[in-house]
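First up is the structure itself, then whatever we jot down about it.
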Amino acid sequence: MTASPAPGGEGLFWELVGPMCADPAVTRSTMMGLPCVRWGGRFFAALDRRTGALLIRLHTVRVAALVAAGTGEPFAPAGRTFREWVAVPPSASNRWRELLTEAKDHAAGTDDAAEFPGFGRGGLTFLDGLARENTKAYFDAHREVYRRELLNPSRMLVTALVAALRRRCVPSLRAEPRVGGSLFRISNDLRFRPSRPPYKTHVDMALWTGPDGPRTDPALLIRVTPAEVHLGCGVAALRGPALGRYRAALAQPDHLASLDREMAALIAAGGALSQPTRRRPPPGLERAGRFAVRDGFHVMRAEPLPRAVHSPRFVAWCVERLAPFVPVHRLLAEAVAEPPPG
């Protein structure tokens, strides 16, 4: 026998979500046949018509806390638990407004709900071991260590970093605390380079400016290894209209002079520029030199692993060391941005 929908759930859902739709980044959609809303294309809330529960997407640690407190229940359609989603029943509808706001901020990368605790020592030991025994068997045996001491803290770190950097110097910065968003997969894609090891022996994170994500938009970058932290900025090899806009910016004397000046300061402070992607500059861009022979570039600086990596102080440590890269990041973002319509 099919259960009847809980009364009032959908009406309250749209009553609370309606004002959020004034933000052009918020759109209505469907998810598994359920009414839902997205921020910037990312699902952050839905309504379960069968139970009348509000479904929201948050950090896994935040979801676990809401379930433990009795505010929500695991969301497990067809027996599969979605660890980043929690079902908040109509009996807790007095919490819906604040939780919807929290979920929207989480999707936008601006929430500070989960404090970054630091990376666990066991996580860095796992990366050391992975360098010695780079096999699926080793990874599978330590998967829980990776998840608990590297993956989950990385989610909280990018959330804390984007909030701090937005307040300080990059209001347009974006983050998405998930693998495929701000977090890069630890497994290597071996389809085109089968000689590579199965897994990376570091953790990569990115915060970006633009509509598409850090694999195509200019980004601030963090890499954590067992011995070092690499920080910097850059943009992947550009193509099509974005490459055309980048080259047009290099042809502008003021833009080129600014880029040259900021890059010289980074290199003088220990930054290293990525390898060229072409042998010579395109015609007309000879004066752009090192930038014109790169269809995109990264500039990175390595620092010894600080003690702060194991504590919340690592957020401030990263912010201070990413700040010098912001001018180059901003120049890249301005160069590749699509012009406004009209």
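Restricting to region 277-288, count the residues that are more than 20 Å from ALA333 (Cα to Cα) and surrounded by fewer than 17 Cβ atoms within 10 Å (Cβ to Cβ).
8
Does at least one position in region 302-320 carry a residue that is exposed (fewer than 13 other Cβ atoms within 10 Å of the Cβ) and within 20 Å of the chain's Cα centre (by Cα)?
Yes.
Would you check if there is a residue in region 115-127 being at pLDDT below 90 and of a type in the set (Ser, Thr, Tyr)?
Looking through region 115-127, none of the residues is at pLDDT below 90 and of a type in the set (Ser, Thr, Tyr).
Any residue that is in contact with a strand residue (DSSP E or B) (Cβ under 8 Å, 6 or more places away or on another chain), over 30 Å from LEU150 (Cα atoms), of a type in the set (D, E, K, R) and outside any loop (DSSP other than H, G, I, E, B) - is there at least one of those in region 240-256?
No, region 240-256 contains no residue that is in contact with a strand residue (DSSP E or B) (Cβ under 8 Å, 6 or more places away or on another chain), over 30 Å from LEU150 (Cα atoms), of a type in the set (D, E, K, R) and outside any loop (DSSP other than H, G, I, E, B).
Output the qualifying pairs, or none if there are none: Cβ atoms under 6 angstrom, residues six or more apart or on different chains, first residue in region 290-307 and in a helix (DSSP H, G or I), second residue buried (at least 19 other Cβ atoms within 10 Å of the Cβ) and aliphatic (A, V, I, L, M).
Pairs found: PHE291/LEU250; ALA292/LEU250.
For region 39-70, how many residues are modelled with pLDDT of 90 or more, in contact with a His (Cβ under 8 Å, 6 or more places away or on another chain) and not in a strand (DSSP E or B)?
Of the residues in that region, 0 qualify.
For (1) surrounded by 14 or more Cβ atoms within 10 Å (Cβ to Cβ); (2) at pLDDT 90 or above; (3) within 20 Å of SER182 (Cβ to Cβ), each residue gets a yes or a no:
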position: GLU15; (1), (2), (3): no, yes, no
position: GLY72; (1), (2), (3): yes, yes, no
position: GLU98; (1), (2), (3): no, no, no
position: GLU102; (1), (2), (3): yes, no, yes
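Determine whether region 219-237 contains at least one residue that is in a helix (DSSP H, G or I) and either more than 25 Å from VAL158 (Cα to Cα) or open to solvent by 60 Å² or more (accessible area, probe 1.4 Å) (or both).
No, region 219-237 contains no residue that is in a helix (DSSP H, G or I) and either more than 25 Å from VAL158 (Cα to Cα) or open to solvent by 60 Å² or more (accessible area, probe 1.4 Å) (or both).
If you scan region 321-339, which residues turn out to be crowded, with 17+ Cβ neighbours inside 10 Å and assigned to a loop (DSSP other than H, G, I, E, B)?
Selection gives ALA337 alone.
Can you name the residue in region 42-60 that is over 30 Å from GLU149 (Cβ atoms) and among the charged types (D, E, K, R) and is also least open to solvent (accessible area, probe 1.4 Å) among such residues?
ASP48
Of all residues in region 152-178, which are free of Cβ contacts under 8 Å to residues at least 60 places away in the same chain and open to solvent by 20 Å² or more (accessible area, probe 1.4 Å)?
ARG166, ARG167, PRO171
To keep it simple, each residue is scored yes or no on (1) touching a Lys or Arg at 6+ places or on another chain (Cβ under 8 Å); (2) within 26 Å of ARG62 (Cα to Cα); (3) modelled with pLDDT of 95 or more.
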{"residue": "ARG193", "(1), (2), (3)": "no, no, no"}
{"residue": "THR201", "(1), (2), (3)": "no, no, yes"}
{"residue": "MET205", "(1), (2), (3)": "yes, yes, yes"}
{"residue": "ARG223", "(1), (2), (3)": "no, yes, yes"}
{"residue": "GLY232", "(1), (2), (3)": "yes, no, yes"}
{"residue": "ARG247", "(1), (2), (3)": "no, no, yes"}
{"residue": "GLN252", "(1), (2), (3)": "no, no, yes"}
{"residue": "GLY270", "(1), (2), (3)": "yes, no, yes"}
{"residue": "ARG279", "(1), (2), (3)": "no, no, no"}
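Out of ALA257, ALA268, ALA249, which single residue is small (Gly, Ala, Ser) and either within 28 Å of the chain's Cα centre (by Cα) or surrounded by 14 or more Cβ atoms within 10 Å (Cβ to Cβ) (or both)?
The unique qualifying residue is ALA249.
Go over the candidates PHE291, PHE297 one by one and state the one that is of a type outside the set (Asp, Glu), at pLDDT 95 or above and farther than 15 Å from ARG330 by Cα.
Just a single option satisfies the conditions, and that option is PHE291.
Going through SER195, SER182 one at a time, which residue ends up being surrounded by fewer than 22 Cβ atoms within 10 Å (Cβ to Cβ) and of a type in the set (S, T, N, Q)?
Criteria check complete, one pass: SER195.
With respect to ALA45, determine if the residue is touching a residue at least 60 places away in the same chain (Cβ under 8 Å) and either of a type in the set (Gly, Ala, Ser) or touching a Pro at 6+ places or on another chain (Cβ under 9 Å) (or both).
no
The values are calculated or read from the model by the stated rules, or taken from the named source; none is laboratory data. What you see is a predicted model, and the numbers here were worked out from it, not measured in a lab. All Cβ positions, even for glycine, are placed from backbone atoms using ideal geometry, and neighbour counts span all protein chains on display. The accessibility values were calculated without ligands, DNA or RNA, using every heavy atom of the protein model including side chains. Shrake-Rupley method; radii C 1.70, N 1.55, O 1.52, S 1.80 Å.
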